[in-house]
Ligand code: HEM
Ligand SMILES: [Cu+2]
């Protein structure tokens, strides 16, 4: 009878856990910035799913530990045994098999979502300049660039982003038309950098000497920040650029208007290089000097790479 | 079994005139594994304090969004040295120290297989560490490219300065690697050949299993890092182009070589911690270790799988899809043997008779926090999610839940648990508990906020950030300072107890395991007589260990 009661309690506990962890999984959506691409929704649902499962496991095991701490305390100086059971084959089999199935399920879920992202265009295509490695990285049949309406070249160097639009207009702002597949053709000049917009839920290293393509489909208008996510030297923290997602009309309007009114912009790294902020500790250690680029928006083919 | 060989070694040892209480032997080139173990542990603890100070400087900078405490090159140097010190001069060599102390005792051996090699492995460490830290004094400071030292950024050095921070960094890491390889040879040989009669593999404590697994990883994977660093040194100083992308080199190859070691390194650090949990949890719950064999074998399982997962650090490094998918599957598989461990610990504690002394608090706290570290790890293995949070604070939060909240907690558990054995004195229980609570609260305050910060897109390694991230950063920084404070009661307790603590009996915890059968501290050759092992490990059902010894060892602080 008491055994039956115990099972009943455990079943009740599991039921409560299921409800609670499902709820936590739903909360997970709100822990991330807004979703600005079609890809983002997929990533978030995967994260929510992973969070539910994780919460179930953590709460289950921590619950057992806390319960033990509360109810299984030994009287002081009682060093007799707790219980002599050294193992239980059935239980051990169960808790090896269950996580195996569980992680396979998680991995397939990840795989599925990855496939969908690919169809959306997440998959990058790597072209190489060096013939040496061609066989390894050459585009295989499933590595074909996805069709895109626009292609924008992204140039990145220490510590500056710039973007060249199809009409050869170059700016340090990234403008993307909403709901259009846009291919970003990315080139790094000096060291590795990483293209990262948190709202897009994607990140891609840019390797000097390789052209790396990324196709994005923004779905939400607004202003975002592009960051360099891979440490790239002294002024790494300053390396961001504004991203504007706007309707096609606004996008075209921006393209045609801005190119007639070039403005000078302040490159943050250059500014700080010439006038370092007053910090409490000053080391004065060596740094690579950032290059000044006087004109922010200009119509000129850059020979950067 | 191989008990004869260990006796032969006794012959050609240094003379036995080292008295028990002669502190000078800790500053000597001793070949006693116990002295070497203590030397390792104390030395690495000093490095831990230095690494911790650097972390607090980093956190001081991150209290406010602007860059106003440290100039940028200094900040970059600080996180580079913080990560490097914590990994290569604290956790990995501390584990070598505690393993050095315990493995021969646990196996019933008189010493390690190669005592001289053992001493050499240790003595490489302090000069390498001092060399590394002395690079702060160079005109252009320390290495600044992070502990990954990815090229080409690591190759950007002050022109005309052949001796620069990066150069020193590579040389010291290679030296530390050589020391680790020597240690690994010694451990693996010892575990295979120096076991006492009757000490079969399945009578070895799980701690020894996990040391064996970790040291096998050192042997198999460390050469890859050493090779990568030597090539990097050639690129840096001798004009070669292995990794220079604009001159036909390939920086991505470096990443493969680097992570081929540095992923398993996580388990080289974590496995001994899992071993410590497997010793402490049964002793303080008076239960046999639940599922001993599966936990023992899971150690090897973790080691094997972890060799095949390194690309999960490179999902966004222009890695082709097939590779991403393949390594997503292998990475997730690590969760199976680690899961087996976590279930085994919980089942050991379940329906037991808990004694919540300090070692147990640290072990349970560490095991509980490991769950969050592990779960976030599985999340990171999922490619689509990793592509969002890679290189953000989510990753920093995840790995600190492992390296600090799990492994460093386990290390504290081990120090308290074996303190009576090592020093022959009891520590002060009350101060131990204070230390535990400050650390447990501080650790969560410091590292939990990093997870939401990362989800929101705060990039790691930045010294200034968008003001919208400030809230969580303030909490993390205050938590970090609390962690700094939490170490003070520990140091006071250790030094005070060492000098004035109560005398410890041989087996204050009524634990099983051969190390508890010899005196505290053990004599020069560990055992009066080599024990013969006739019983399974973790025999907590056995009345022999359940009898209360007539002593008042327990009220340490009274
Ligand atoms: C066992 C102890 C620890 C280990 C093994 C460890 C390890 C590491 C590593 C490997 C890094 C990466 C460095 C890099 O990006 O190049 C790092 C970064 C960092 N750690 Fe620790 N750490 C430990 C303790 C701490 C503590 C106690 C604190 C807080 C007080 C802390 C705060 C930080 C911070 C703020 C960063 C910078 C993150 C970034 O900008 O990427 N760590 N740590
Ligand atoms: Cu890894």
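Annotations
- Only one of B:424, B:430, B:513, B:454 that is closer than 30 Å to residue B:202 by Cα and either within 14 Å of another protein chain (Cβ to nearest Cβ) or out of contact with any helix residue (DSSP H, G or I) (no Cβ under 8 Å at 6 or more places or on another chain) (or both): B:424
- Test set (1) modelled with pLDDT under 90; (2) over 36 Å from the mean Cα position of the chain (by Cα) - residue A:70 fails condition number: (1)
Table: residues versus (1) away from ligand 1 (no atom under 16 Å from the Cβ); (2) at pLDDT 95 or above; (3) more than 20 Å from the chain's Cα centre (by Cα).
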site: B:225; (1), (2), (3): no, yes, no
site: B:230; (1), (2), (3): yes, yes, yes
site: B:233; (1), (2), (3): yes, yes, yes
site: B:246; (1), (2), (3): yes, no, yes
site: B:250; (1), (2), (3): yes, no, yes
site: B:279; (1), (2), (3): yes, yes, no
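- Helices (runs of 4 or more DSSP H) contained in region B:50-164 and holding at least 1 residues within 16 Å of ligand 2 (Cβ to nearest atom), touching a residue at least 60 places away in the same chain (Cβ under 8 Å) and more than 10 Å from every other protein chain (Cβ to nearest Cβ): B:72-84, B:92-107
- Of all residues in region B:381-416, exactly one satisfies the criterion of being surrounded by fewer than 23 Cβ atoms within 10 Å (Cβ to Cβ), within 11 Å of another protein chain (Cβ to nearest Cβ) and under 16 Å from residue B:448 (Cα atoms), namely B:395.
- Hey, residue B:315 farther than 21 Å from residue B:153 by Cα, part of a loop (DSSP other than H, G, I, E, B) and either out of contact with any helix residue (DSSP H, G or I) (no Cβ under 7 Å at 6 or more places or on another chain) or within 14 Å of chain A (Cβ to nearest Cβ) (or both) or not: no
- So residue A:69, is it touching a strand residue (DSSP E or B) at 6+ places or on another chain (Cβ under 9 Å), surrounded by 14 or more Cβ atoms within 10 Å (Cβ to Cβ), facing chain B (nearest Cβ under 7 Å) and part of a helix (DSSP H, G or I): yes
- All strands (runs of 3 or more DSSP E) inside region A:167-260 with 3 or more residues being modelled with pLDDT under 90: A:169-171, A:210-216
- Scope region B:91-104; condition over 16 Å from residue B:413 (Cβ atoms) and either within 16 Å of ligand 1 (Cβ to nearest atom) or surrounded by fewer than 24 Cβ atoms within 10 Å (Cβ to Cβ) (or both); matching residues: B:92, B:93, B:96
- Filter result (surrounded by fewer than 18 Cβ atoms within 10 Å (Cβ to Cβ), closer than 28 Å to residue A:95 by Cβ and within 15 Å of ligand 2 (Cβ to nearest atom)) within region B:308-327: B:308, B:326
- Any hit, region A:266-283, residues being buried (at least 20 other Cβ atoms within 10 Å of the Cβ) and more than 14 Å from every other protein chain (Cβ to nearest Cβ): yes
- Among residues that are at pLDDT below 90, outside any strand (DSSP E or B) and in contact with a helix residue (DSSP H, G or I) (Cβ under 9 Å, 6 or more places away or on another chain), residue A:90 is not included.
- Number of the exception - residue B:352 against (1) touching a helix residue (DSSP H, G or I) at 6+ places or on another chain (Cβ under 6 Å); (2) within 9 Å of chain A (Cβ to nearest Cβ); (3) in a helix (DSSP H, G or I): (3)
- Conditions (1) at pLDDT 90 or above; (2) more than 24 Å from residue B:65 (Cα to Cα); (3) surrounded by fewer than 21 Cβ atoms within 10 Å (Cβ to Cβ); number of the one not met by residue A:147: (1)
The values are calculated or read from the model by the stated rules, or taken from the named source; none is laboratory data. The structure displayed is predicted, hence computed values, not measured ones. Cβ sites come from the backbone with ideal geometry, for glycine too, and all protein chains shown count toward neighbours.
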